[in-house]
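To start, the structure itself, in structure tokens.
The values are calculated or read from the model by the stated rules, or taken from the named source; none is laboratory data. Source: prediction; values computed, not measured. Positions of Cβ are generated from backbone atoms using ideal geometry, with glycine treated the same way; all protein chains shown enter the neighbour counts. What goes into the accessible areas is simple: the full protein's heavy atoms, side chains included, and nothing from ligands, DNA or RNA. Shrake-Rupley method; radii C 1.70, N 1.55, O 1.52, S 1.80 Å.
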Amino acid sequence: MGAAVLSRLALALVLALALALTLPSLALDNGLALTPPMGWLSWERFRCNVDCQADPHNCISEKLFFEMADRLAEDGWRELGYKYINMDDCWSAKQRDAVGRLVPDPERFPRGIKALADYVHARGLKLGIYGDLGTFTCGGYPGTTLDRVEQDAQTFAEWGVDMLKLDGCYSSEKEQAEGYPKMARALNATGRPIVYSCSWPAYQGGLPPKVNYTILADICNLWRNYGDIQDSWVSVLSILDWFSENQDVLQPAAGPGHWNDPDMLIIGNFGLSYEQSRSQMALWTVMAAPLLMSTDLRTISPSAKEILQNRLMIQINQDPLGIQGRRIVKEKDHIEVFLRPLSQAASALVFFSRRTDMPFRYTTSLAKLHFPEDAVYEVQDVYSGKIISGLKTSDSFSVVINPSGVVMWYLCPRALQAQAPSEGFRPVLL
Ligand code: GLA
């Protein structure tokens, strides 16, 4: 080989190396979760109940997931976007098989995960599974150590899994920093589109400098930032407080394909009143949160179902711009206002009362809430469906907010000259 050819080869090598170094090597290039994922997740309501002798109806078994899939498909959920049926911890056997693969508990999942995935897919739904980057899952089942990442990604893909929640119990900070990006690459390499939910930030306190939201948004479709939700209003408030106090960090991290996850919706369970249930739904919607219900869809009450199936609410949650909302007002009298910008210059406002006395009449104006001057809005109340037409930025208005409740508005601007409702405003029949 001549010297000229050799030096050309060397140059090509250097160029290829430089290109490889500048290309993002971590990116989870899956094009998924362009709006916050919606569906059902077993954990908060059904936990690690594996006693199918004593409690066959509610234990973590294929029966539970088959039945919830039927409900999602038959009770109007799927059409509204609730497509993911997600298994959480405690689905697996206590040991891997002879070749080291994860296997479901043979007694509780006799037909195996592939059969469950086929069943779910036949009903137009998608299946989610749970793993844990570490020696054990939080519930003590086999974890995914660094040497198992590729194998487990492959197993999930072969089963036909569509979403993975990767928890972080029993691993070190260093292992997590290596393992979460490694799983992103392994999922990509399977060629199967799998939404990737990372619990990484929740194990690192949720804030910089320990948490790098730029890296997270590159490798994960959603991530748990904070502690677990429990079946109580206190728990909902603690999550809301943390997300609001840290919104300067968290809000910019969210967008199409990458979302903050304040944890499951507990509406339909035991801990929230009617008003509190409406509040969780509205507040999670303005936070652009994934809508993952954890409740018994076989016995859910009509009122909880109505809250979860509110079409305008879901339209707002799923807005294609994918901008997370912020708390914009915190009044001394325990009223807070949240704002989420939406596509077509629309927006959503949530007036939230932390009061414990009586319905509170809150008076303000869009000008006070920093809306552009000289604009006129068509407003629809998201829960009552009531329309307020022609609200000017300067108009003073009042909303009556129940204790621990919300009033939620959807607002569309219309031009001052054109007195007809704007193109973007189509009232939704609730
Ligand atoms: C952790 C997670 C929960 C749930 C449990 C399962 O606590 O944060 O969401 O997955 O583990 O053991």
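Worth pointing out:
- Given (1) under 24 Å from Met163 (Cβ atoms); (2) within 16 Å of the ligand (Cβ to nearest atom), index of the condition Trp242 fails: (1)
- Where strands (runs of 3 or more DSSP E) fall entirely within the stretch 326-420, those with at least 2 residues that are of a type in the set (D, E, K, R) are at 326-330, 335-341, 376-381.
- Residue satisfying condition, being farther than 23 Å from Thr144 by Cα and in a loop (DSSP other than H, G, I, E, B), within set Pro252, Pro193, Pro208: Pro208
- Residue in the stretch 408-419 that is open to solvent by less than 70 Å² (accessible area, probe 1.4 Å), modelled with pLDDT under 95 and in contact with a strand residue (DSSP E or B) (Cβ under 9 Å, 6 or more places away or on another chain) present: yes
- Here Tyr130 qualifies as within 14 Å of the ligand (Cβ to nearest atom), aromatic (Phe, Trp, Tyr) and surrounded by 15 or more Cβ atoms within 10 Å (Cβ to Cβ).
- Pairing each residue of the stretch 160-186 that is among the acidic types (Asp, Glu) with any residue that is within 16 Å of the ligand (Cβ to nearest atom) and part of a helix (DSSP H, G or I), provided the two are 6+ apart or on different chains, yields no C-beta distance under 7 Å.
- Restricting Pro262, Pro256, Pro252 to those that are open to solvent by less than 30 Å² (accessible area, probe 1.4 Å) and over 21 Å from Asn58 (Cα atoms) reduces the list to Pro262.
- Residue count for the stretch 180-211, restricted to those that are within 16 Å of the ligand (Cβ to nearest atom) and either of a type outside the set (A, V, I, L, M) or out of contact with any helix residue (DSSP H, G or I) (no Cβ under 6 Å at 6 or more places or on another chain) (or both): 13.
- Residues of the stretch 230-249 satisfying the condition of being open to solvent by 40 Å² or more (accessible area, probe 1.4 Å), in contact (Cβ under 8 Å) with a residue 60 or more places away in the chain and touching a Phe, Trp or Tyr at 6+ places or on another chain (Cβ under 9 Å): Asp231
- Unmet requirement for Asp105, which otherwise passes all of (1) surrounded by fewer than 21 Cβ atoms within 10 Å (Cβ to Cβ); (2) within 16 Å of the ligand (Cβ to nearest atom); (3) closer than 27 Å to Ile316 by Cβ: (3)
- Residue count for the stretch 110-127, restricted to those that are crowded, with 22+ Cβ neighbours inside 10 Å and part of a loop (DSSP other than H, G, I, E, B): 1
- Among residues of the stretch 142-179 being polar (S, T, N, Q) and surrounded by fewer than 17 Cβ atoms within 10 Å (Cβ to Cβ), the one that is nearest to the ligand (Cβ to nearest atom) is Ser172.
- Qualifying positions in the stretch 118-156 - touching an Asp or Glu at 6+ places or on another chain (Cβ under 9 Å) and charged (D, E, K, R): Arg123, Lys126, Asp132
- Taken together, the criteria place Leu291 among residues that are under 21 Å from Gln380 (Cβ atoms), within 16 Å of the ligand (Cβ to nearest atom) and either over 17 Å from the mean Cα position of the chain (by Cα) or not basic (Lys, Arg) (or both).
- Check on Gly227, in contact with a Gly (Cβ under 7 Å, 6 or more places away or on another chain), surrounded by fewer than 16 Cβ atoms within 10 Å (Cβ to Cβ) and under 19 Å from Pro290 (Cα atoms): no
- Matching residues, the stretch 70-102, being part of a loop (DSSP other than H, G, I, E, B), aliphatic (A, V, I, L, M) and open to solvent by 20 Å² or more (accessible area, probe 1.4 Å): Ala98, Val99
- Every residue from the stretch 38-84 that is within 16 Å of the ligand (Cβ to nearest atom), within 18 Å of the chain's Cα centre (by Cα) and within 20 Å of Asp118 (Cα to Cα): Gly39, Trp40, Leu41, Ser42, Tyr84
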